[in-house]
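Take a look at the structure set out below.
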Amino acid sequence: MCGIIGMIGKTSVVPSILEGLRRLEYRGYDSAGIAVLNQGTTDRRRAAGKIAKLENELRKKPLDGNTGIGHTRWATHGVPNVVNAHPHVSGAVSVVHNGIIENHKQLREELVSLGFAMETETDTEVAAHLVKYYHDQGLTPEKIMRAIIDRLSGAYALVIMIADYPGMLMAARKSSPLAIGFGNNAMFVGSDALALAPMTRRISYLEDGDWTIVNQDSLTIYNSKNVQVERPVSLTEVSGALIGKGKYRHFMDKEIHEQPEVIGYTLSAFYDPNLNCMKIPKVAFNPGLLPKLTIVAAGTSYYAGMIAKYWLEGLARLPVEVDIASEFRYRNSVLPDGGAALFISQSGESLDTLMALRHAREKGQHIISLINVDESTIARESDVVLKTLAGPEISVASTKAYTTQLAALLCLAVDWAQKRNVLDKKKAFEIMDELSRLPTALAKVLADKERWNACAHELAGARDVIYLGRGLNFPTALEGALKLKELSYIHAEGYAAGEMKHGPIALLDEGMPVVMVAPYDEWFDKTASNLKEALARGGRVVLLSDKEGIERLDDKPAWVFEMPKVNPMVSPILYALPVQLLAYYIALEKGTDVDQPRNLAKSVTVE
Ligand code: M6R
């Protein structure tokens with residue numbers, strides 16, 4: 001993944017590069033570094049760990065220079081230590097990189113045979129040596145760029161600085177995003193507008209295959225065919241303000257609490273309750289004639305897609321296939337002429353999802369995306385964009401992005417169901433009315449959140465936890481298990497409740513925690529039998545249900561959490577909250593890094 005930034009200014013670039021890196025930390029936080037040009041030489045500081053460690057290093061040994069590059073790393077090749085931290089330097093050349101250079105092994109061998117000494121285990125180091133090699137041959141910056149782009153394969157956003165050219169940066173992008181920022185007496189290159197927003201709002205996005213030479217007062221962009229091109233400059237909507245935690249201890253806690261409000265905003269973007277009419281953006285096809293919808297996403301967004309399948313098939317009678325983004329391209333799925341594909345992504349930058357989108361476009365599908373970051377690559381490459389109004393989600397664990405995705409997807413299902421003439425206005429109104437009242441039920445769950453503490457205290461000692469759900473809440477079980485894994489590092493698995501007996505039930509023994517997501521719905525009695533099966537084997541059951549469900553049980557589990565009663569159709573949105581809260585409180589008990597769990601990054605821009 002990694003976040004990169006470069007700057008050319010009239011004064012020291014270090015404070016702005018650091019500020020940009022802080023805002024890019026969501027892309028990786030294994031190590032960080034900055035290199036600057038100072039009177040014809042390169043000076044560099046690096047540190048293993050988060051940006052705060054680099055700041056410490058800079059306090060001890062300050063840096064100064066008017067041209068510089070910075071990097072925050074999510075390790076792919078080589079352990080996260082100082083030696084492997086970017087920028088990588090080869091003589092006068094410094095490089096920061098986001099992506100994976102797939103032919104690094106061959107290049108490494110070739111460069112070693114040319115006399116280059118490799119210092120790191122990274123794929124990026126070869127790019128630094130390669131640039132030095134061509135620079136030593138006397139090539140101009142333009143020729144160097146053409147030469148290295150011919151040699152590198154894989155995905156990259158690269159920013160390159162050469163000590164002999166103060167006031168100049170070279171950059172290239174292939175599959176990894178890169179934006180140019182135009183400041184007052186300053187130029188910037190960065191992974192995204194978020195990094196550049198405190199410094200400038202004037203942004204130009206490089207397109208795939210573009211490379212550029214950036215000077216203090218000029219910019220030249222070339223496309224993949226080395227033809228000079230212009231890219232539009234727009235004013236970014238991204239705020240430059242620092243996003244704080246407010247009164248909350250963690251961003252995750254804050255984001256969990258924002259859900260009633262942001263779901264409300266998202267709903268009002270897609271539905272007008274006064275006129276009782278849907279406001280879904282127009283698509284270039286008739287949803288009534290759509291043969292099939294393919295939904296593609298990763299992680300939590302994929303679970304949102306799984307729930308959307310229940311809604312779109314159940315309400316709109318539309319055939320839906322849901323694919324994991326990293327698998328979609330490899331199974332040669334049957335995509336009908338005139339079909340559509342929906343890509344769900346909070347960041348709009350997940351590379352697996354982006355590559356799946358490009359594959360679907362090649363196969364002639366209409367491209368719709370549901371994203372939270374509207375200037376993202378996925379949004380820019382879509383025909384129609386549905387936007388969740390969750391606001392910036394900083395914590396690595398997705399919470400409010402997920403529930404706003406669900407709210408938007410249910411609106412889409414209701415709208416298309418009407419367009420396909422399979423849902424009458426009255427039924428549609430009932431669902432939308434229930435959705436509109438959901439923020440109140442969500443607020444109720446949050447008001448009573450302290451009750452999770454004792455349960456979390458007990459579950460924090462578990463080695464494994466099983467989550468079960470049925471129907472619309474089977475994906476909620478998967479999401480609950482994912483939240484627990486990423487936040488507390490406890491092994492957890494989500495299963496369809498009825499699937500337990502086909503194997504996983506062998507895992508159950510005395511004391512194994514089993515979280516049952518079971519609102520009272522048409523499948524409840526069957527789920528209740530699965531609950532009994534778990535209890536009979538000594539499982540420590542945590543039941544999430546409503547009054548009606550709880551009253552129907554004669555065997556009461558160890559932990560029972562009564563949820564507000566809602567229409568089962570909207571229950572996956574409501575029941576997302578307790579599984580988030582449980583994971584959050586267990587993480588607090590275990591003392592893990594809630595907002596930046598180990599090994600993860602918010603935006604996953606490698607395949
Ligand atoms: O930005 P995206 O929605 O494309 O991200 C997809 C996944 O990487 C993401 O949902 C991930 O699973 C979260 N960390 C889960 O909390």
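Okay, here's what the table says:
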{"quantity": "Matching entry among 464, 448 (being open to solvent by 30 Å² or more (accessible area, probe 1.4 Å) and farther than 23 Å from residue 509 by Cα)", "calculated": "448"}
{"quantity": "Single residue of 326, 333, 347 found to be in a loop (DSSP other than H, G, I, E, B), within 13 Å of the ligand (Cβ to nearest atom) and either open to solvent by 30 Å² or more (accessible area, probe 1.4 Å) or more than 24 Å from residue 432 (Cα to Cα) (or both)", "calculated": "347"}
{"quantity": "Which listed residue, of 572, 564, is in contact (Cβ under 8 Å) with a residue 60 or more places away in the chain, open to solvent by 20 Å² or more (accessible area, probe 1.4 Å) and out of contact with any Phe, Trp or Tyr (no Cβ under 7 Å at 6 or more places or on another chain)", "calculated": "564"}
{"quantity": "All positions within segment 186-234 that are out of contact with any Leu (no Cβ under 9 Å at 6 or more places or on another chain) and basic (Lys, Arg)", "calculated": "225"}
{"quantity": "Only listed residue being of a type in the set (D, E, K, R), in contact with a Pro (Cβ under 8 Å, 6 or more places away or on another chain) and more than 16 Å from the ligand (Cβ to nearest atom), chosen from 292, 309, 247, 279", "calculated": "292"}
{"quantity": "For residue 200: the one exception among (1) touching a Gly at 6+ places or on another chain (Cβ under 6 Å); (2) at positive phi", "calculated": "(2)"}
{"quantity": "Criterion: surrounded by fewer than 16 Cβ atoms within 10 Å (Cβ to Cβ), touching a helix residue (DSSP H, G or I) at 6+ places or on another chain (Cβ under 9 Å) and assigned to a helix (DSSP H, G or I) - qualifying residue of 479, 499", "calculated": "499"}
{"quantity": "Scope segment 375-392; condition near the ligand (Cβ under 9 Å from one of its atoms) and of a type outside the set (A, V, I, L, M, F, W, C); matching residues", "calculated": "376"}
{"quantity": "Helices (runs of 4 or more DSSP H) fully within segment 183-293 counting 2 or more residues that are touching a strand residue (DSSP E or B) at 6+ places or on another chain (Cβ under 9 Å), modelled with pLDDT of 95 or more and closer than 26 Å to residue 377 by Cβ", "calculated": "259-270"}
{"quantity": "Identity of the residue in segment 368-384, surrounded by 19 or more Cβ atoms within 10 Å (Cβ to Cβ) and in contact with a strand residue (DSSP E or B) (Cβ under 6 Å, 6 or more places away or on another chain), that ends up nearest to residue 253 (Cα to Cα)", "calculated": "371"}
{"quantity": "Pairs with Cβ under 6 Å, 6+ apart, first in segment 429-448 and at pLDDT 95 or above, second among the aromatic types (Phe, Trp, Tyr)", "calculated": "432/271"}
{"quantity": "Residues within segment 385-403 that are in contact with a strand residue (DSSP E or B) (Cβ under 7 Å, 6 or more places away or on another chain), open to solvent by less than 20 Å² (accessible area, probe 1.4 Å) and not in a loop (DSSP other than H, G, I, E, B), tallied", "calculated": "1"}
{"quantity": "Matching residues, segment 393-419, being more than 10 Å from the ligand (Cβ to nearest atom) and either out of contact with any helix residue (DSSP H, G or I) (no Cβ under 8 Å at 6 or more places or on another chain) or acidic (Asp, Glu) (or both)", "calculated": "415"}
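The values are calculated or read from the model by the stated rules, or taken from the named source; none is laboratory data. What you are looking at is a predicted structure, and each value in this text was computed from that prediction instead of being measured. Note: ideal-geometry Cβ built from the backbone for every residue, glycine included; neighbour counts use all protein chains shown. Areas reflect the complete protein model, heavy atoms only, side chains present, ligands, DNA and RNA absent. Shrake-Rupley method; radii C 1.70, N 1.55, O 1.52, S 1.80 Å.
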